[in-house]
Every structure is written in structure tokens, then in C-alpha cells.
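Q: Please see the structure below; I have some questions.
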Amino acid sequence: MVLIMVSDARLSTYPGCFVYFGQMSSKCFFLDRDGTLNVDYDFVHKPQEWTWCDGAMDALVLLKQKGFKLAVITNQSGIARGRFSMDQVNRLHGWVNDQLQNDLIEIDGFYVAPWHPDYHDGKDPALLDERKPGTVLFERAATELGISFDGSCMAGDKISDLLPAMHLGIKPYLIRSRFYTEEIGNWCRQHHILIFDRLLDAVEYELSAD
């Protein structure tokens with residue numbers, strides 16, 4: 001059977017071949033940023049403020065080796081609060097990918113929600129849906145990166161990171177950070193969500209179970 005790639009988002013078949021119109025869907029490991037990839041010092045927006053969580057870079061390498069796309073979904077209310085700009089965040093994310101070049105990998109997309117409901121006067125209320133626990137940025141990443149939610153995962157350190165994953169059928173993992181409480185632990189157990197101390201531990205578990 002011959003696979004033919006063309007540029008429209010439709011599927012069709014012809015004798016002896018399968019014609020796919022559009023991109024093949026890929027599995028993705030969605031990632032929260034602060035508290036999952038880097039230590040959350042509050043309002044991190046400069047390279048000198050970035051400290052990788054233990055094992056996080058190794059986790060990203062393993063995921064890329066296994067064919068996962070990587071998409072960071074992050075709420076950055078510091079932009080709405082006027083503490084820093086979107087340009088500063090974008091430059092930080094460029095620097096993060098520069099750090100990963102030594103391992104010949106990169107994060108495929110950074111999706112940033114710069115809003116906060118307390119600092120939103122005069123702005124379109126619908127923009128707040130970009131913030132987790134909303135699903136808007138997950139869906140945008142899926143469209144832009146050719147991602148299928150089926151077989152994809154999400155790791156984050158807050159319930160608000162995991163709720164959109166659950167809504168979309170993405171497998172969620174909770175990563176302990178300084179925000180971890182027994183209440184969060186109980187919620188995870190109630191929803192049968194596994195809890196790990198590090199992103200690397202969650203990734204190794206996921207890959208071993210795959």
C-alpha cells in the first residue's frame with residue numbers, strides 16, 4: 001500500500017493506496033512550566049531566574065527519543081500584572097530551547113496565557129479561557145503541531161494543570177512542587193491520578209507502561 005501526503009484536511013482512498021490529506025497526528029507530552037520543568041520562584045522571566053527541576057532535561061530527551069512532541073502550556077499572569085512583558089517570556093523560552101540544543105532536541109511549542117481576571121478591565125473576557133484550567137491553548141497546540149490527544153499526556157503541579165487534560169482525554173500526571181498539599185494528593189487519588197516527585201519519574205513510568 002502506498003501512502004500519499006497532500007495538503008487538505010480530508011481522508012480518501014484510491015485503489016492500491018491510502019491518501020492522507022493533511023498532517024499525520026502525533027502524540028504529545030503537554031507540560032506545565034513553573035514547578036514542573038523549572039523551579040517555581042514566582043514570576044520567572046529571565047534566564048538567570050531559571051533553574052531546571054532535577055531530571056527535567058533528561059525527561060525531555062527520553063520523550064523525544066520515543067517520538068513525543070513537546071508542548072508547554074503556561075499561565076503567566078505576571079504579564080497582565082505588568083511585572084514583565086510577553087517579549088521577555090518569549091526570549092526566555094528561546095533561551096530554554098538553546099539549552100536543549102546540546103541534546104539535539106527542542107520544545108515544539110510554548111503556549112502562554114498572559115491574562116489574569118483581576119487585571120482584565122477593558123479586555124475581551126473570552127481571552128481568559130486561554131488560562132488553565134481552560135482548554136483553549138491545548139486545542140491550539142493540537143491544531144498547530146498536528147497532535148492527537150489520544151495517547152498524549154500532561155504533567156503539572158496543580159489541579160488546574162490536570163483538569164483540561166482530563167476534559168480532553170489526555171492522561172494526567174501530578175508532579176509534586178512547593179504547592180503540593182494533602183488536599184491535592186487526595187484529589188489525585190480520588191481521580192486515580194498518579195503522583196511523582198519529578199517529571200523524569202512520571203516519564204519513565206509512562207514509557208515503561210507504553
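Q: Considering every residue within the range 136-158, establish whether at least one is farther than 26 Å from Ser25 by Cα and in contact with a helix residue (DSSP H, G or I) (Cβ under 9 Å, 6 or more places away or on another chain). Spell out how you get there, then give the answer.
A: Filtering the range 136-158 down to residues farther than 26 Å from Ser25 by Cα leaves 157-158.
In the following step, the residues that additionally are in contact with a helix residue (DSSP H, G or I) (Cβ under 9 Å, 6 or more places away or on another chain) were identified as 157-158.
Yes - at least one qualifying residue is present in the range 136-158.
Q: List, please: which pairs have Cβ atoms under 7 Å, are six or more places apart or on different chains, and start with a residue in the range 116-141 that is within 22 Å of His167 (Cα to Cα) and end with one that is of a type in the set (D, E, K, R) and in a helix (DSSP H, G or I)?
A: Lys132/Asp161; Val136/Asp129; Val136/Glu130; Leu137/Glu130
Q: Next up: Working only within the range 142-163, note down all residues that are surrounded by 23 or more Cβ atoms within 10 Å (Cβ to Cβ) and in contact (Cβ under 8 Å) with a residue 40 or more places away in the chain. First the steps, then the outcome.
A: We begin by selecting, within the range 142-163, every residue surrounded by 23 or more Cβ atoms within 10 Å (Cβ to Cβ); these are 147, 152, 154-157, 161-162.
Passing the criteria: Ile147, Ser152, Met154, Ala155, Gly156, Asp157, Asp161.
Q: Here's something else I'd like to know. For Asp197, state whether it is at pLDDT 95 or above and farther than 16 Å from Leu62 by Cα.
A: Numbers: at pLDDT 95 or above: yes; farther than 16 Å from Leu62 by Cα: yes.
So Asp197 fits the description; yes.
Q: Looking at Gly151, Gly185 in this structure, which one is farther than 30 Å from Ser85 by Cβ, small (Gly, Ala, Ser), in contact with a strand residue (DSSP E or B) (Cβ under 9 Å, 6 or more places away or on another chain) and part of a helix (DSSP H, G or I)? I'd like the intermediate steps shown before the answer.
A: Details: Gly151 fails: part of a helix (DSSP H, G or I).
When all the criteria are applied, what remains is Gly185.
Q: A further question on this structure: Just checking, does the range 202-209 include any residue being surrounded by fewer than 18 Cβ atoms within 10 Å (Cβ to Cβ) and in contact with a Pro (Cβ under 6 Å, 6 or more places away or on another chain)?
A: Taking the range 202-209 first, the residues surrounded by fewer than 18 Cβ atoms within 10 Å (Cβ to Cβ) are 204-205, 207-209.
Narrowing further to those that are in contact with a Pro (Cβ under 6 Å, 6 or more places away or on another chain): none.
Checking the range 202-209: not a single residue is surrounded by fewer than 18 Cβ atoms within 10 Å (Cβ to Cβ) and in contact with a Pro (Cβ under 6 Å, 6 or more places away or on another chain).
The values are calculated or read from the model by the stated rules, or taken from the named source; none is laboratory data. None of the values given here were measured: they were computed from a predicted structure. We place every Cβ from the backbone using ideal geometry, glycine too, and count neighbours over all the protein chains shown.
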